[in-house]
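The structure under discussion appears below in the form of C-alpha cells.
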Amino acid sequence: MSVILLFLAVLATIAGWWLSKQRLTAKPWLEEGAIGDFPGGGASALPAAKIGLGVFLAVAGSLLALFVSAYAMRMHMAQDWRPLPEPKLLWLNTGVLVVSSIALHRALLAARRGRMDGVMANLLAGGGSAVVFLAGQILAWRQMAASGYVPASNPADAFFYLITAVHGLHLLGGLVALARAIAKAWPGVATDQLRLSVELCAMYWHFLLLVWLGLFGMLLLT
Amino acid sequence: MVTVLQARTRGMTLMRMPLTVWGIFTATVMALLAFPALFVGAVMMLLDRLLGTSFFMPSLVEMGQHLQHSGGSPILFQHLFWFFGHPEVYIVALPAFGIVSDLISTHARRNIFGYRMMVWAIVAIGALSFVVWAHHMYVSGMNPYFGFFFATTTLIIAIPTAIKVYNWLLTLWHGDIHLTVPMLFALAFIVTFLNGGLTGLFLGNVVVDVPLSDTMFVVAHFHMVMGVAPIMVIFGGIYHWYPKITGRMLNEALGRFHFWVTFLGAYAVFFPMHYLGLLGMPRRYPEIGETSFVPDSAATLNAFISVAALAVGFAQMVFLFNLIWSLSRGRQAGGNPWNATTLEWQTPETPPGHGNWGKELPVVYRWAYDYSVPGAERDFVPQNQPPARRATWEAAP
Ligand code: HEM
Ligand SMILES: [Cu+2]
C-alpha cells in the first residue's frame, strides 16, 4: 500500500498548503462584519470547472495508485509471478499517445492566441491519435492473447489486461469531453468557454500520458 | 465539495461555516479518496469470479475438486477493503459530528465551545483515518511491527475525537438547555458515541483485540459507534430541520415516545452484545451448536435482544406515522422555530422556494454561533444580520 500512501501524502501536502491560506487560525467569534474587512477566505479565482477537474484527477490518480499498490503487493505474495513479454507494439502506442498530447497542447496554444483553424486541426489530430492509441492497445491485447497470455494464465497477465483497460477507459471518457470541445469549436469563433474546454482537455490528456508512462515503465520493469 | 470551495455566498469564509458543513465537506473529500479502494477490490474480485484470475483466490478444493485458482491472497483483498473501510466509518461519523455540534449549540443557546479546535479535529480525523486500516487485520497474521504501528495510529485518532466530545460537553456546561426532541437525540448521540469509542479503544490494542476479534464484542462496538450513534443524529436532524422543509413541526409527544423507545431499545439490543462477546460468542454464525464456553443462557439473552429489536422497529412505525401526519396536521412552524442563527433559517419563504433566496443572495457578517451574545436584543444573532448593534454590545459590561 506504499504507493497509494505516497500519493495521498502528496495530496495531503497540497490540501495542507491550501488550508494554510484559509486563515484556519482566525477567531471567527471576534470577526464580525463584511468580508472585505478580513483578508483571505473567499472562493478562489479559478473557474469551478477547473477545480472540478483537479478533484477528478485526484480521484482518478488514487484509483490508479491503488491498482499499482495491488500490483506491487500481489507480485510478492506468492511464488507464481511470471513476468510477461510486453509486445513491441506498446512502444509504438506510447509514441502515438505522446503525439496526441502534443496536439492538444498545440490546440491550447492556438486557442489562447485565438487562431481557430489551429484549434480545430489540433483537436482533431489529438482525438484521432487517441483513437489510434486505443486501437493499438486492443491490437496489443490480441497479440498477447494469441501467444497464450490470457487473464487467467498468470497474475502478471491479469494485471496487464486490467491496468491497460482502466487506462483505456479513462481515455475513452476523455474522448467524450474532447468531442464536446470540438462541437464548441465548430462555429469557428474563439470564446472563453472554448478556451476553457480545450484547456481542460489538454490537462486531462497530459495526466493520462503521465500515468501511461508510469504504468508502461512498471510493466517493463517487472 | 466544489460547492463548498467555489459557491459560498459573500462573507461565508471557511471559518464562518457551520460545523455541519465542515463535517460534510471533509467526509466528501474522504469519500472521493476512499471509494476507489473499494472499487479496485470489487473489480478484481469480479475478475476472479468471471475470468478465472487469481488476484485474491488461493488454490482451493471445493467439493473435492481443485479449483483452477492458485496463489491469490485474501489478505490483499482485506488491505484494499479496509483501506476503504476505515475511512468509511469516519465518512459516516464526521457529518454526524458536525450536525450534532449545531444541534447542541442551538438547543443549548450557547456558542459551540472551541470552534477552531472542532474544525481542526475534523480535518485531523479525516487525514488520520487513512493510516489506521490494518487495525481490522490484527488477526490476519501480519508482521507484529505493523500491528504496533497501526495500534499507535489508531489510538492517536482517539485524541481529536476526545477533544470533540469534551467540547460538546463544555458547550452544554452552563447552557440554557432546552430538552427538545432534537436535543434529546443529540445528547443520546454523545453518550452512545462515547460508549462505542471506548470499546474502540479496547479493540485498538492488539493484545485485547486478538481474543475479541470476530466475536459479538466487535458487533457491539461498531453498532454503537456507527449504527446507533449516527442514527441518533439522523433522527435529531430530521426533527430539527423538518419544520424548515415542510413548514410544520413534528408532533412533540410522538417524538418523545419515538426517542425513548429507540434510545433505550437500542441499548437493550446492543449493550448485552458486549457481554456475549466477552463470553467468546463468535459473530456471523447462524448457529453455534455445543461449545464449552458459551452457556445456554446466552440463547436467552439473544432472545431478549430480538424482542428489544422488535420494539425498536415498532417505534419507527410511530416515527413514520408522525412524518406523514405532521405534514398536514403539524403545528405551523414559522420561518425559524428554534431561533437558530444559520442561513437556512433566514430564508424569505418556508419551505424555501426554488433557489432558496429569491433574487438576492444573503451576505454573511458573522460566524454561525452567535447565541446569547451579551447585550444583543435577542438571544441569537443570525449570520446575515449586519453588525449595526456593535456599539451597544461593546459598551455593555
Ligand atoms: C477511537 C475510536 C475507534 C477505535 C480505536 C476503533 C477501533 C476498532 C478496531 C480495532 C476494530 C476491529 C475489531 C476487530 O475486528 O477485531 C474496529 C471495528 C469496527 N469499527 Fe471501530 N474504532 C473506533 C471508532 C469507530 C468509529 C467512529 C466507527 C464508525 C462510525 C467505527 C466503526 C467500526 C466498524 C464498522 C467496525 C467493524 C468492522 C468489521 O466488520 O469487522 N469505529 N474498530
Ligand atoms: Cu477501523
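Return a whole-number percent for the relative contact order of region B:189-338, with Cα pairs under 8 Å and 6 or more residues apart as the contact set.
Values: 152 pairs, mean separation 51.2, N = 150.
Once divided by the residue count of region B:189-338, the mean separation gives 34 percent.
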Treat every Asp and Glu Cβ in chain B as -1 and every Lys and Arg Cβ as +1, leave all other atoms uncharged, and give the resulting dipole magnitude about the Cα centre to the nearest 20 debye.
1240 debye
Region A:157-222 versus region B:271-288: alpha-carbon centroid distance in Å
51 Å
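Using Stokes-Einstein with the Kirkwood hydrodynamic radius over Cα pairs, what translational diffusion coefficient do you get for region B:14-121 at 37 °C and a viscosity of 0.692 mPa s, in µm²/s rounded to a whole number? Walk me through the numbers before you get to the answer.
Details: Rh = 16.7 Å.
The Stokes-Einstein estimate is 197 µm²/s.
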Which trypsin sites (Lys or Arg not before Pro) in region B:1-94 sit in a loop by DSSP (not H, G, I, E or B) and have at most 16 other Cβ atoms within 10 Å of their own Cβ?
B:10
Compute the projected area of the convex hull of the Cα atoms of chain B, averaged over all viewing directions, and report it in nm² to one decimal place.
24.4 nm²
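List the residue ranges in chain B for DSSP H helices whose C-alpha atoms run 30 angstrom or more along the long axis and whose Kyte-Doolittle average is 0.5 or above.
Working: long enough: B:19-50 (45 Å, 1.80); B:74-107 (48 Å, 0.98); B:144-172 (43 Å, 1.24); B:181-204 (34 Å, 1.85); B:252-279 (41 Å, 0.97); B:297-329 (48 Å, 1.40).
Membrane-span-like by this criterion, though nothing is claimed about a membrane: B:19-50, B:74-107, B:144-172, B:181-204, B:252-279, B:297-329.
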Answer with one residue from B:63, A:176, B:87: the one whose Cα lies farthest towards the positive end of the charge dipole of the protein assembly as shown, charges on Cβ with Lys, Arg +1 and Asp, Glu -1.
A:176
Cα gyration tensor, the protein assembly as shown - rounded (a/c under 1.5), prolate or oblate
oblate
Please give the calculated 222 nm ellipticity per residue for chain A, where each DSSP H segment of at least 4 residues contributes -39500 (n - 2.57) and the sum is spread over every residue; nearest 500 deg cm²/dmol?
-27000 deg cm²/dmol
Selected from A:154, A:122, A:93 as most flexible by GNM, with chain A as the system and alpha-carbon contacts under 10 Å:
A:154
Under 15 Å, Cβ to Cβ, from residue A:157 - net charge with Lys/Arg +1 and Asp/Glu -1
0
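If Lys and Arg each add +1 and Asp and Glu each add -1, what is the summed charge of the other residues whose beta carbon sits under 12 Å from the beta carbon of residue B:249?
Its environment carries a net charge of +3.
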Can you give the relative contact order of chain A as a percent, counting alpha carbon pairs under 8 Å and 6+ residues apart?
24 percent
Taking chain A as a Gaussian network, where each spring joins two C-alpha atoms under 10 Å apart, which residue of A:32, A:199, A:86 fluctuates the most?
A:32
How about region A:46-118: which trypsin sites (Lys or Arg not before Pro) there are in a DSSP loop, with at most 15 other Cβ atoms within 10 Å of their Cβ?
A:88, A:115
Using a Cα-Cα cut-off of under 14 Å, which aspartates and glutamates could be cross-linked to residue B:244, ignoring same-chain neighbours fewer than 8 residues away?
B:344, B:349
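Hey, got the average number of other protein chain Cβ atoms within 10 angstrom for residues in A:76-82?
Details: counts 1, 8, 7, 1, 5, 1, 0.
Per residue, the average neighbour count from other chains is 3.
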How about region B:269-336: which trypsin sites (Lys or Arg not before Pro) there are in a DSSP loop, with at most 16 other Cβ atoms within 10 Å of their Cβ?
B:283, B:284, B:331
Work out, in µm²/s and without decimals, the Stokes-Einstein translational diffusion coefficient of region B:182-329 at 20 °C, 1.002 mPa s, Rh from Kirkwood over C-alpha pairs.
129 µm²/s
For chain A, evaluate the Debye formula with one uniform point scatterer on each Cα (no solvent term) and list log10 I(q)/I(0) at q = 0.13, 0.14, 0.15 Å⁻¹, rounded to two decimals.
-0.87, -0.95, -1.03
Amide H neighbours of residue B:380 under 5 Å, at least 5 residues apart or on other chains, H built in the peptide plane: list them.
B:372
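To the nearest µm²/s, what D does Stokes-Einstein give for region B:102-165 at 4 °C and 1.567 mPa s, using the Kirkwood radius over alpha carbon pairs as Rh?
Values: Rh = 13.5 Å.
After rounding, the answer is 96 µm²/s.
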Find the relative contact order for chain B and round it to a whole percent, using C-alpha pairs within less than 8 Å whose residues are 6+ positions apart.
17 percent
Among B:349, B:377, B:252, whose mean-square fluctuation peaks in a Gaussian network model of chain B (Cα, cutoff 10 Å)?
B:377
Per DSSP loop assignment and a cutoff of at most 14 other beta carbons within 10 Å, chain B keeps its longest run without exposed chymotrypsin sites (Phe, Trp or Tyr not before Pro) at B:1-172
Lys/Arg Cβ at +1, Asp/Glu Cβ at -1, dipole of the protein assembly as shown taken about the Cα centre: which of B:277, B:302, A:219 is farthest positive-ward?
A:219
Could you check the simple spin-label distance between residue B:46 and residue B:297, using points 7 Å along Cα→Cβ, in nm with one decimal?
5.0 nm
What net charge is computed for the residues neighbouring residue B:59, neighbours being all others with C-beta under 14 Å from the C-beta of residue B:59, Lys and Arg scored +1, Asp and Glu -1?
-3
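Laboratory data are not the source of any read-out in this text; all were calculated from the coordinates shown. Here the structure is a predicted model, which is why all the values come from computation and not from measurement. For neighbour counting, all protein chains shown are included, and Cβ atoms are generated from backbone atoms with ideal geometry for every residue, glycine included.
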